[in-house]
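Enquirer: One structure, pasted below without further comment.
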Amino acid sequence: MENDLTNEAPGPSRRTVLLGMGTLAGMAALAPYLTLPARALPASSTTELVERWAALQTGGPGLDLADAHVAAAVRRVDRAATTVLATLDRSAGRTALWADLADRTRSTNVTTAFKRLRSIAVAWATPGTSVAGDAAVADAVADGLDWMHTNIYGPGLARFDNDWDWEIGSASALADTLVVLREHLGAGLARSTAAIHHYTPDPNLWRADRQIATGANRVWIATVVAVRAALDGDGDALLRVRDALSDVDGGGANSVLAFVDDTAAAGTGEGFFRDGSFLQHWKHPYNGGYGKELLGTLSSLLHLLGDSPWQVTDPALDNVYAWVTDAFDPLMARGDMVASVCGREIARSSKQGHASTQTVVEGTLRLIPSAPAAQAATLTALVAQWIAEDTYRDFLAGTTPASVVAAKALLAAGPTPRGPLVAHRQYPAMDKVVHHRPGFAVSVSAYSARVYNYESIQNENLHGWHLSDGMVLLYTDDLGHYSEDYWPTVDPYRLPGTTVDTARRADGEGHRSTNDATWVGGAALPGTTLGSYGQDLRAQGSDLRALKSWFLIDDAVVCLGSGVTAPGAAGVETVVENRKVRDGAAFVVDGVDQRVTPGWSAVADGVRWCHLAGTAGYVFPDGARLHALREDRTHTWREINIKYGTDTPVTRPYLTAWLDHGAAPADAGYAYVLLPGASPAGTRAFSETCGTTAGLRVLARDQAVHAVTLGGTVAANFWAAGRVSLAECAAGAPDDSGALVADGAASVVLHTDPAARGQRPTRIALSDPTQARAQVVVDLEVPGLTLAAADAGVTVTRRGAGWRLLADGAALRGATVTAAFV
């Protein structure tokens, strides 16, 4: 758009909205999706930027109210506004705009007041609402803003509590309000933008003491400055916003666009890593919290500045597309965000499960129009898949009018969805792994000397003590399992997969802790769903130590533990499962239906297998003394979140199964197999083949090595120098003789395709989970193999009749290298 739009009617044209939000309708002929990237129309003035931002808030003036989804979205906007409008106090002697926000010690009340004013203003500016264009409603908002500036928010007034609310939460809500109501405010507009500038003057700095802003906080701050600058016609500030994203002032140390592991300057280490990890607040895994907010806000900011004199030109901007494919897509399970990367947000009822992914979908929609053609096609296929596969929470029924317009146009163009994800993905920079198979996904959460255990600031996530003690979450066809009040009602001392000291803990105790362990990580064979993962567990606040392994071999998750030792513990448990169940879900133990009802509990000796209907089968290769409990658990959100929780009791039914290591265990261990989605018959059959050449064999489970073989795969975690004999491997495995030998800490996956035994194609993957060894040496003592290929990061040489693989451990940063043989 070449001409200044200052003299045109308020609001963008429908074409601006559609292009700006990524509409592909009418472009379908440009097969496969886009021959040229669609971009927002060029902007030459700050007035045009303001109009772009207004379109994001309202959907623009050309909304098709005859479209059912658009109409429903507008009704949601209307309901939100009229609900708070009805209780807005307009009296002369008021002490708060809303009675429930009168507490002047909680800064969240300030943000909430501005958010409510924004919801009213957006409804006023959105065509089709009951208050659209109503001058009295606009006056009420303007009067509310004036009261806030006089009494709470502005120069000369004392700030209190959390800086985030003053500089980001309140400022961004206020800026949005000004954008849609600007022509109705008169001199009040300048007063409001001055208040924003008072609290948020610099896109690089935040907090009252002007700290360096990092990660999502930097993007939030920059966006506040950008919208304020557009309203004030402040082009110099917009240039500073552009540069702040790359941290030009800091030499790039805290660029939000560059991968952390590519940044030469020393920053805080927060942000996205090449492996897809995202850390915020120094060492907390946070893809599903601050990471998704960074994506959502940055995509809006890029939309605002694109094709203007202030657009971002940093080549690192291309990294944003890799965030979507590597840092978000694998961590989403049919609309649910893997809880282990959501930080303290799991303790907020408003952020349960699928709510977090809405931000990812919206942000990706905003990226598509300006993406290069190949990336646009990839993102389009992902959005189509995400919307289709989340049958628990309909994206179109919960998003904004602008995103409804963009999503429906994208879907109308008929893109081919990516299809269900089948992949194994490890995240060495944040000690997490996720395993996707048809019908289910599994995540494993650990922590180490490099990564914190859990976050509990601002009186949130008060019971997160064991979230990284080997927690294994299973995502099945029950898409709402981790929604519907799972986190306040689940027993926090018995999270599935964990090995824990049963001692009671104080709220928030030990949060933001690392330990002395460096051995956390694993190896994965590219292009397969074969991976090994391990954790040297050194429990926070306890003398508990354990070596824990997970061998994720297609549809089986083999869980091994050794060295479970805790001299000072009154009790130690390994939790096999803790599942929210449906009424009447059968629990079968060794073929006998336990007919469980609330209050049922039992201890069974010599258990070989059990099965929980609708969830999984569980196999115990050596037999086990299994404890199980069926209980209805009643708790409140306030128990885990004082800041945002409510006191309303909620009750949910659970089936819990665990192994009791007793008081002060010394060198205890365990072995069990999780079979997601298996039938009772399939679980029994798997159990019956354990220990045979046709099934699972545990090759080692001691202080030096954990190793198993199953279906042509050998997976091993070497805690120290050790040797794994392959003589016990199943037919189709690498050989019926030979060995794997490691000179120290290493994780290894070795696979031979049983279907091609005559050609003997064999692949090996290895890593240094400690991320600290100078080099890792693994000997493959299998005769008759010929080297076919090897990654650049590994040197492969002959050693006797076998081969030696040598990798530079520290340089790998926990990543896997591979070699192939025939």
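Here, each number is a calculation from the coordinates, and none is a lab measurement. Keep in mind the model is a prediction, meaning the values are calculated, not measured. FYI the Cβ positions are ideal-geometry reconstructions off the backbone, even for glycines, and counts take in every protein chain you see.
Enquirer: Which log10 I(q)/I(0) values, to two decimals, does region 697-821 give at q = 0.11 Å⁻¹ under the Debye formula with one point per Cα?
Expert: Reported log10 I(q)/I(0), two decimals: -0.32.
Enquirer: May I ask you to sort LYS548, LYS283 by Cβ crowding, counting other Cβ atoms within 10 Å and putting the fewest first? Can you show the working numbers first?
Expert: Details: LYS548 28, LYS283 24.
Ascending Cβ contact count within 10 Å gives the list LYS283, LYS548.
Enquirer: Whole-Hz Karplus ³J(HN,Hα) for region 506-521, in order, using 6.51 cos²θ - 1.76 cosθ + 1.60 and θ = phi - 60°, x for Gly and Pro?
Expert: So the J values, rounded to whole Hz, are 7, 3, x, 4, x, 5, 6, 10, 9, 9, 8, 7, 9, 7, 9, x.
Enquirer: 5 Å is the cut-off here: which amide hydrogens, built 1.01 Å from N in the peptide plane, fall below it relative to HIS661, excluding neighbours closer than 5 in sequence?
Expert: Excluding prolines and chain starts, which carry no amide H, the hits are VAL572, GLU573, THR574.
Enquirer: Also, I was wondering about something else. On the principal axes of its Cα set, how long, how wide and how thick is region 592-646? Give whole Å, largest value first.
Expert: Principal extents (largest minus smallest coordinate, Cα): 46, 22, 21 Å.
Enquirer: Fewest Cβ neighbours within 10 Å first, please rank LEU239, LEU537 accordingly.
Expert: LEU239, LEU537
Enquirer: Using only the alpha carbons of region 140-244, determine the length spanned along each of the three principal axes and report them from longest to shortest in whole angstroms.
Expert: Principal axes ranked by extent give 36, 31, 20 Å for the Cα atoms.
Enquirer: A follow-up question, please. Would you kindly state how much longer the chain becomes between ASP146 and ALA789 on full extension, computed as 0.36 nm times their sequence separation minus their alpha carbon distance, in nm to one decimal?
Expert: That pair, ASP146 and ALA789, stretches by 224.5 nm at full extension.
Enquirer: Report, to two decimal places, the Cα Rg of region 544-643 normalised by 2.2 N^0.38 Å (N = number of residues).
Expert: 1.27
Enquirer: If eta is 0.890 mPa s and T is 25 °C, what Stokes-Einstein diffusion coefficient results for region 216-324, Kirkwood Rh from Cα pairs, in µm²/s?
Expert: For these conditions, the coefficient is 176 µm²/s.
Enquirer: Suppose the chain between ASP516 and ARG104 were pulled fully straight at 0.36 nm per residue; how much longer would it get relative to their current alpha carbon spacing?
Expert: Computed gain between ASP516 and ARG104 is 144.1 nm.
Enquirer: A further question follows. If R₀ is 25 angstrom, what is the calculated FRET efficiency for the pair ASP477 and VAL422, using the beta carbon separation as r and rounding to 0.05?
Expert: Details: r = 16 Å, r/R0 = 0.63.
That pair, ASP477 with VAL422, gives E of 0.95.
Enquirer: Something else: Roughly speaking, what is the stretch gain from ALA570 to ALA68, that is 0.36 nm per residue apart minus the C-alpha to C-alpha distance, in nm to one decimal?
Expert: Working: separation 502, 0.36 × 502 = 180.72 nm, distance 5.97 nm.
Extending this stretch completely gives an extra 174.8 nm.
Enquirer: Separate question: What residues qualify as long-range amide H neighbours of ARG274, i.e. H under 5 Å apart, gap of 5 or more or another chain, H built at 1.01 Å from N?
Expert: Excluding prolines and chain starts, which carry no amide H, the hits are VAL260, ASP261.
Enquirer: Only counting other Cβ atoms within 10 Å, I'd like TRP386, TRP600, TRP147, TRP465 sorted with the fewest neighbours first.
Expert: If I rank by nearby Cβ atoms, fewest first, I get TRP600, TRP147, TRP386, TRP465.
Enquirer: While we're looking at this one, here's another question. For the chain, what is the mean residue ellipticity at 222 nm derived from helices alone (per DSSP H run of n ≥ 4: -39500 (n - 2.57); sum divided by total residues; nearest 500 deg cm²/dmol)?
Expert: Value at 222 nm, helices only: -8000 deg cm²/dmol.
Enquirer: Related question: From the backbone phi of region 165-175, what are the Karplus-calculated ³J(HN,Hα) couplings (6.51 cos²θ - 1.76 cosθ + 1.60, θ = phi - 60°) in whole Hz, Gly and Pro given as x?
Expert: 5, 6, 9, 10, x, 5, 4, 6, 5, 5, 4
Enquirer: Convert each backbone phi in region 132-147 into a coupling constant with the Karplus relation 6.51 cos²θ - 1.76 cosθ + 1.60 (shift: θ = phi - 60°), then list the ³J(HN,Hα) values in order as whole Hz, x for Gly and Pro.
Expert: Running phi through 6.51 cos²θ - 1.76 cosθ + 1.60 with θ = phi - 60° gives 4, x, 6, 4, 5, 5, 4, 5, 5, 5, 4, 5, x, 4, 4, 5 Hz.
Enquirer: Would you mind checking which residues have amide H under 5 Å from ALA739's amide H? H placed 1.01 Å from N; only 5 or more apart, or other chain.
Expert: Amide H to amide H, under 5 Å and 5 or more residues apart or across chains, ALA739 pairs with LEU726, GLU781, VAL782.
Enquirer: To the nearest 20 debye, what is the magnitude of the charge dipole of the chain about its Cα centre, counting +1 on the Cβ of each Lys and Arg and -1 on the Cβ of each Asp and Glu?
Expert: Working: 68 positive and 87 negative charges, 125 e Å.
Dipole about the Cα centre, nearest 20: 600 debye.
Enquirer: Just to confirm a number: summing +1 for Lys and Arg and -1 for Asp and Glu over residues other than LEU205 whose beta-carbon lies under 10 angstrom from that of LEU205, what do you get?
Expert: Here the count lands on -1.
Enquirer: If each of THR87 and ASP554 carries a label point 7 Å out from its Cα toward its Cβ, how far apart are those two points in nm?
Expert: 5.6 nm
Enquirer: Would region 423-689 count as rounded, prolate or oblate if I go by the C-alpha gyration tensor, calling it rounded below 1.5 in a/c and otherwise prolate when a/b exceeds b/c, oblate otherwise?
Expert: rounded
Enquirer: Using only the alpha carbons, work out the radius of gyration and Dmax of the chain in angstrom.
Expert: 28.1, 91
Enquirer: Moving to a separate point now. Take region 65-200, drop everything but the C-alpha atoms, weight them equally and run the Debye formula without solvent; then report log10 I(q)/I(0) at 0.11, 0.15 Å⁻¹ to two decimals.
Expert: Those come out to -0.38, -0.69, one per q.
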